[in-house]
1. Which ones in the range 14-36 are in contact with a Lys or Arg (Cβ under 7 Å, 6 or more places away or on another chain) and closer than 21 Å to Gly121 by Cβ?
2. Taking only pairs six or more apart or across chains, which ones have beta-carbon atoms under 6 Å, a first residue in the range 202-215 that is among the polar types (S, T, N, Q), and a second residue that is crowded, with 18+ Cβ neighbours inside 10 Å?
3. In the range 193-241, what residues are hydroxyl-bearing (Ser, Thr, Tyr) and closer than 30 Å to Asn67 by Cβ?
4. Got a number for residues in the range 162-189 being among the aromatic types (Phe, Trp, Tyr) and closer than 22 Å to Leu202 by Cβ?
5. What are the residues in the range 193-235 that are assigned to a loop (DSSP other than H, G, I, E, B) and modelled with pLDDT of 90 or more, if any?
6. Report yes if some residue within the range 89-100 is in contact with a strand residue (DSSP E or B) (Cβ under 7 Å, 6 or more places away or on another chain) and not acidic (Asp, Glu); otherwise report no.
7. Of all residues in the range 236-266, which are modelled with pLDDT of 90 or more, in a loop (DSSP other than H, G, I, E, B) and of a type outside the set (D, E, K, R)?
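The values are calculated or read from the model by the stated rules, or taken from the named source; none is laboratory data. Being a predicted model, the structure only gives us computed values, none of them experimental. No Cβ is skipped: glycine too gets one built from the backbone with ideal geometry, and neighbour counts run over all protein chains shown.
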Amino acid sequence: MHTAGKTPDDLVRTADHPRGVRQILLADPLDRNALVETMRTQLHEALNEAYADSAVRAIVICAAAKNFSVGGDLSHVAGREAGQSSYTMMSAVGDVALAVRNGPKPVIAAVTGHCIGAGAGLALLCDTVVMGKCAAMGFPFIKIGLVPDFGLSYTLAERIGLPAARQALLYARTFKADAALAIGLVDEVVDDDRVKDRAIELATMLAEAPAHAVLLLRRMLRKGGATLADMLDREAVYQSTCFGSADLKEGVAAFKEKRKPDFSRS
């Protein structure tokens, strides 16, 4: 594993693992990982660099130390006024959220410690969420006079259904790992010291899968308000682009030869 160099201003670091996985580590020196402007900007840059690097096929977002993210920095939020500058700032937050959600490569969140507010939003934008047994995910916006951001008004309902999302947000609920798993808020719960390793294992599986098919599948599953007819049409378009591909030929050949396929040339 290679870890990039760090300067005092680096709130986001990266580490490359074998077989096409890149870790993006949130590295607030106070271990709060508040999603302040500098961290958001560096996260956005790290994502774009990973997307542009042909050697990277899957991404893990995690904390360098204990806490995934406590969300926004209240000392910054409290001093803001309503108006155009605040709208511009929140639009930039949206750009980061879209970069996580709609990027061309799969992203896995490794959640440890506190995962609160916008931090929970960041995690739920990812394709898979792995959570530590002692971690907690919470949605405290309404308690301090705010509404959800970082995509939570969409992703939370997508994850657990609108009625459950409504109750979680209205009553500012926090979920421990077992409860989060039970309602589908996260995908796996493992021992705290295994969270990053498990996320990397899952990312490696996706990195070794056919990249084009993974991209199309991720787009297909993000159907929004599509009808069955819309989805059937989308399936026809996407599936037809897979026919004749080198990946399909390799997958069929490996199946017939009873070996593991090699999609590294995707």
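1. Leu25, Ala27, Asp31
2. Thr204/Val21
3. Matches in the range 193-241: Thr204 only.
4. Qualifying residue count, the range 162-189: 1.
5. Selection gives Glu208, Ala209, Pro210.
6. So far as the range 89-100 goes, yes, one or more of its residues are in contact with a strand residue (DSSP E or B) (Cβ under 7 Å, 6 or more places away or on another chain) and not acidic (Asp, Glu).
7. Matches in the range 236-266: Pro261, Phe263.
Okay, residues lined up against (1) surrounded by 13 or more Cβ atoms within 10 Å (Cβ to Cβ); (2) in contact (Cβ under 8 Å) with a residue 60 or more places away in the chain; (3) not assigned by TED's automatic domain parsing to the domain that holds Ala123:
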position	(1), (2), (3)
Val190	yes, yes, no
Ala199	yes, yes, no
Leu217	yes, no, yes
Leu221	no, no, yes
Ala226	yes, no, yes
Glu235	no, no, yes
Cys242	yes, no, yes
Gly251	yes, no, yes
